Amino acid sequence: MINKKVNSVSDALQGIEDGMTIMLGGFGLCGIPENSIAELVKKGTTNLTCISNNAGVDDFGLGLLLQKRQIKKMISSYVGENAEFERQMLSGELEVELTPQGTLAEKCRAAQAGIPAFYTPAGYGTEVAEGKESREFNGKMHILEHAFKADFSIVKAWKGDEAGNLIFKGTARNFNAPMAGAAKITIAEVEELLPVGSLDPNEIHIPGIMIQRIFKGETFEKRIEQRTVRKK
C-alpha cells in the first residue's frame with residue numbers, strides 16, 4: 001500500500017510556486033483547509049489564481065491571502081462576506097471571474113472525471129455567456145463550459161488514512177469532494193489521520209487514488225461565519 005502521509009503542512013505544500021492555479025475546498029468557512037491557507041500566507045506565495053466558492057472573510061480563510069495581496073485572480077460564485085475582496089475587485093486590483101455556483105461545482109467535477117467540457121443552460125443570455133460557444137438542446141439554449149485546469153487542489157476532511165482515503169463530516173463535504181482529484185496534485189489536510197484499514201470502506205467518500213499527499217492539521221478554529229441568535 002502506498003503511504004501518502006507527509007509530516008507537516010510545509011512538506012505538503014512543496015512545489016506550490018508563484019503564479020500557479022490552486023483549487024481550495026470549503027464553503028464560506030465550513031470545511032476550508034485553514035492550515036494550508038495559513039502556510040501559503042507564511043510562504044508568501046504570490047500571483048495566485050484561486051478557485052473557490054468564495055473568499056472567506058476579511059480576517060480568516062482566503063481573506064488572509066487577499067490581505068497580503070497574494071491572489072491575482074479569484075474564480076468564485078459568491079463574494080458577499082469579504083469587504084477587502086469587494087474593495088480590490090471594484091478598484092481593479094483583483095481579477096474576478098464570477099461563475100454560477102452549479103457551474104463552478106461541475107467544472108470541478110468534470111476535471112475530476114477527466115471530462116474536458118460540458119454544456120449547461122446556466123448563464124445563457126447573460127455576461128457569463130459572452131465569448132462562449134452556445135448550442136440548442138431539446139429546445140433550450142446551452143453554453144459550453146470547460147473543466148478547470150489547476151496545478152494543485154487543497155481539500156480538508158474530517159478523517160483520512162495514510163493511503164489518502166477520506167471521510168468528510170456533514171456539510172464540510174461541500175466543494176471538497178469534487179475538488180479532490182481535480183488538479184495535477186491534490187493535498188488533503190485532515191483532523192484525524194489514521195493507519196490504513198482503520199476506516200470503514202462503506203463510509204469513505206473519496207478514495208485514496210485521488211489524493212497525492214495527506215497530513216494532519218495542527219489546529220482548526222471552526223469559526224462561525226455569521227452568528228445568529230434568537231431574540232429574547
State which residue is most open to solvent (accessible area, probe 1.4 Å) when the search covers only region 191-215 and only residues that are outside any loop (DSSP other than H, G, I, E, B) and over 20 Å from GLY15 (Cβ atoms).
ASN202
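Which residue out of ASN82, ASN35, ASN54 is at pLDDT 95 or above and of a type outside the set (A, V, I, L, M, F, W, C)?
Numbers: ASN82 fails: at pLDDT 95 or above; ASN54 fails: at pLDDT 95 or above.
It is ASN35.
Looking at the structure I just gave you, is THR171 open to solvent by less than 20 Å² (accessible area, probe 1.4 Å), closer than 23 Å to SER76 by Cα and under 15 Å from the mean Cα position of the chain (by Cα)? Even if it seems obvious, please write down each step before you answer.
On the way: open to solvent by less than 20 Å² (accessible area, probe 1.4 Å): no; closer than 23 Å to SER76 by Cα: yes; under 15 Å from the mean Cα position of the chain (by Cα): yes.
Considered against the rule, which asks whether it is open to solvent by less than 20 Å² (accessible area, probe 1.4 Å), closer than 23 Å to SER76 by Cα and under 15 Å from the mean Cα position of the chain (by Cα), THR171 comes out as no.
Conditions (1) within 22 Å of the chain's Cα centre (by Cα); (2) closer than 30 Å to GLY44 by Cα; (3) open to solvent by less than 50 Å² (accessible area, probe 1.4 Å), marked per residue:
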{"residue": "LYS68", "(1), (2), (3)": "yes, yes, no"}
{"residue": "SER76", "(1), (2), (3)": "yes, yes, yes"}
{"residue": "CYS108", "(1), (2), (3)": "yes, yes, yes"}
{"residue": "GLY125", "(1), (2), (3)": "no, no, no"}
{"residue": "GLU145", "(1), (2), (3)": "yes, no, yes"}
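Could you identify the single residue in LYS159, LYS232 that is under 30 Å from THR45 (Cβ atoms) and either open to solvent by 40 Å² or more (accessible area, probe 1.4 Å) or more than 15 Å from the chain's Cα centre (by Cα) (or both)? Step through it out loud before you land on a result.
Details: LYS232 fails: under 30 Å from THR45 (Cβ atoms).
That would be LYS159, the only listed residue that is under 30 Å from THR45 (Cβ atoms) and either open to solvent by 40 Å² or more (accessible area, probe 1.4 Å) or more than 15 Å from the chain's Cα centre (by Cα) (or both).
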Being open to solvent by 10 Å² or more (accessible area, probe 1.4 Å), under 18 Å from PHE85 (Cβ atoms) and not in a loop (DSSP other than H, G, I, E, B) is the filter here; which residues of region 39-58 pass it?
VAL41, THR49, VAL57
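The values are calculated or read from the model by the stated rules, or taken from the named source; none is laboratory data. This is a predicted model, so every value here is computed, not measured. Backbone-built Cβ (ideal geometry, glycine too); neighbour counts: all protein chains shown. Only protein heavy atoms, including side chains, enter the accessible area calculation; ligands, DNA and RNA are left aside. Shrake-Rupley method; radii C 1.70, N 1.55, O 1.52, S 1.80 Å.
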